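Enquirer: I am attaching a structure below and will ask some questions about it afterwards.
The values are calculated or read from the model by the stated rules, or taken from the named source; none is laboratory data. What you see is a predicted model; the values in this text were computed from it and never measured. For neighbour counting, all protein chains shown are included, and Cβ atoms are generated from backbone atoms with ideal geometry for every residue, glycine included. Just the protein is used for accessible areas: all its heavy atoms, side chains included, with ligands, DNA and RNA removed. Shrake-Rupley method; radii C 1.70, N 1.55, O 1.52, S 1.80 Å.
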Amino acid sequence: MKRVMRLSGEAVEGRLAAMLGWLERLADLHRDMARVLSPGSVLRRDEPMSRRTTLRVGGPADLYVEPATEKDLGEALGLARAQGVPVLVLGRGSNLLVRDGGLRAMVVSLAQPAFSRIEAAEGRLRCGAGATLRQVAMAARDAGLGGMEFLEGIPGSVGGALRMNAGAMGGWMFDVVETLRWMDEQGQVHEVAGGEAGAQYRGCPLLRGRVALGAVLRGVASGRAEIEARLAESNRKRWTTQPRQPSAGCTFKNPRPDLPAGRLIDELGLKGMRVGDAMVSDVHGNFLVNLGGAKAADVLELVRRVSERAWAERGVELEPEVEIVGEEEASE
Ligand code: EPU
């Protein structure tokens with residue numbers, strides 16, 4: 001149902017002024033960044049987030065930047081701060097739901113090679129935030145390092161996995177983090193021990209509002225055949241228990257260790273429930289999949305309906321695990 005609002009002349013004027021102010025600050029920020037960033041950086045206006053998230057929904061980000069170097073990243077953060085433009089750091093977009101009206105923000109992606117390197121030495125991997133977890137798992141195999149096989153099937157980047165303390169198959173990102181590097185709002189780089197980051201189930205308080213730059217991961221010397229077998233098992237489990245259609249992975253946090261959200265949704269008989277092209281996966285109840293033409297609003301309505309049923313029928317409050325950001329689409 002669309003909300004109909006009548007605004008007074010003053011309120012309309014106020015909104016117009018705010019919008020014009022925003023457009024001016026954005027234009028200034030774009031101009032300053034174009035001047036300062038090195039030629040390898042990517043800078044764009046109105047980047048559709050449906051192309052940058054695995055769920056394949058979401059409106060445009062007002063500004064999108066892929067810095068070529070840490071210096072460029074620091075400059076971008078400083079300029080955005082000076083203009084009062086919010087910053088959102090994108091990983092692989094696999095845990096993100098952007099609303100259809102898009103993001104009034106500067107989206108930063110660490111997709112350039114300077115942020116994606118992986119170097120192996122002395123039982124450790126030094127990984128950039130932009131490297132994918134699959135690349136990390138493969139590098140660990142090649143270096144004869146066990147204990148990182150679980151990363152293979154998580155469709156994320158190192159940076160995203162640090163922010164979320166991503167986990168799968170009984171392993172957690174922070175189990176293997178020896179140290180992590182991050183950049184603060186002023187562009188200063190810090191390095192701390194993994195144990196000091198306060199990592200918890202699906203979260204890392206230290207990195208809130210900050211940019212993960214990378215981590216040193218520690219493995220356990222293992223034989224190649226052993227690692228290959230664990231990789232294959234993780235892969236097999238994933239493909240038999242999780243859907244292949246576009247999704248943002250698990251939608252809700254597990255309410256309790258003994259009550260996985262997927263099982264609860266399954267028991268409630270909600271698999272296959274649809275809103276438009278958004279559907280509760282018939283493979284795993286905690287995955288909401290995009291059958292092709294879903295809008296963010298469809299997915300969010302499905303989130304609402306599933307949560308409502310869990311509360312009404314089981315008294316369980318489901319909390320989204322997926323990060324939900326952005327503006328609703330303006331209704332005419
Ligand atoms: N189950 C059902 N029906 C379903 C889905 C699951 O009965 O539709 C049952 C399973 O049979 C199993 C239990 O629920 O007994 C748990 O299921 P699963 O092993 O798939 O694990 P999960 O708790 O649902 C967690 C993570 C996943 C991760 C898997 C694999 C959360 C919210 N989810 O899922 O992470 O891949 O373990 O280790 O913690 C993600 O973070 O996006 C994500 C997918």
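Enquirer: So Ala294 passes all but one of these: (1) more than 24 Å from Gly160 (Cβ to Cβ); (2) buried (at least 22 other Cβ atoms within 10 Å of the Cβ). Which condition number does it fail?
Expert: (1)
Enquirer: Still on this model: Could you figure out which of (1) more than 16 Å from the ligand (Cβ to nearest atom); (2) under 16 Å from the mean Cα position of the chain (by Cα); (3) at negative phi; (4) not acidic (Asp, Glu) isn't true of Gly153?
Expert: Gly153 satisfies all of (1) more than 16 Å from the ligand (Cβ to nearest atom); (2) under 16 Å from the mean Cα position of the chain (by Cα); (3) at negative phi; (4) not acidic (Asp, Glu) except (1).
Enquirer: State all residues of segment 43-78 that are of a type in the set (D, E, K, R) and either under 16 Å from the mean Cα position of the chain (by Cα) or open to solvent by 40 Å² or more (accessible area, probe 1.4 Å) (or both); if no residue qualifies, say none. Don't jump to the end; show me each part of the working.
Expert: Step one: filter segment 43-78 for residues of a type in the set (D, E, K, R), giving 44-47, 51-52, 56, 62, 66, 70-72, 75.
Within segment 43-78, Arg44, Arg45, Asp46, Arg51, Arg52, Arg56, Glu66, Glu70, Lys71, Glu75 qualify.
Enquirer: Would you please list the contacts, defined by Cβ atoms under 6 Å and residues six or more apart or on different chains, that run from a residue in segment 146-172 that is surrounded by fewer than 24 Cβ atoms within 10 Å (Cβ to Cβ) to a residue that is of a type in the set (Val, Ile, Thr) and assigned to a strand (DSSP E or B)?
Expert: Listed pairs, sorted by first residue: Gly146/Val220; Gly147/Val220.
Enquirer: May I ask you to say which residue of Lys237, Lys271 is at pLDDT below 95 and within 14 Å of the ligand (Cβ to nearest atom)?
Expert: Details: Lys271 fails: at pLDDT below 95.
Within the list Lys237, Lys271, the selection yields Lys237.
Enquirer: Which residues, taken from segment 132-142, are in a helix (DSSP H, G or I) and either among the hydrophobic types (A, V, I, L, M, F, W, C) or more than 13 Å from Asn235 (Cβ to Cβ) (or both)? So that I can check it myself, show each step before the final result.
Expert: Filtering segment 132-142 down to residues in a helix (DSSP H, G or I) leaves 133-142.
Leu133, Gln135, Val136, Ala137, Met138, Ala139, Ala140, Asp142, listed by residue number.
Enquirer: On to the next question. Just one of (1) open to solvent by less than 10 Å² (accessible area, probe 1.4 Å); (2) within 16 Å of Thr132 (Cα to Cα) trips up Ala197, so point out which.
Expert: With (1) open to solvent by less than 10 Å² (accessible area, probe 1.4 Å); (2) within 16 Å of Thr132 (Cα to Cα) applied to Ala197, the lone miss is (2).
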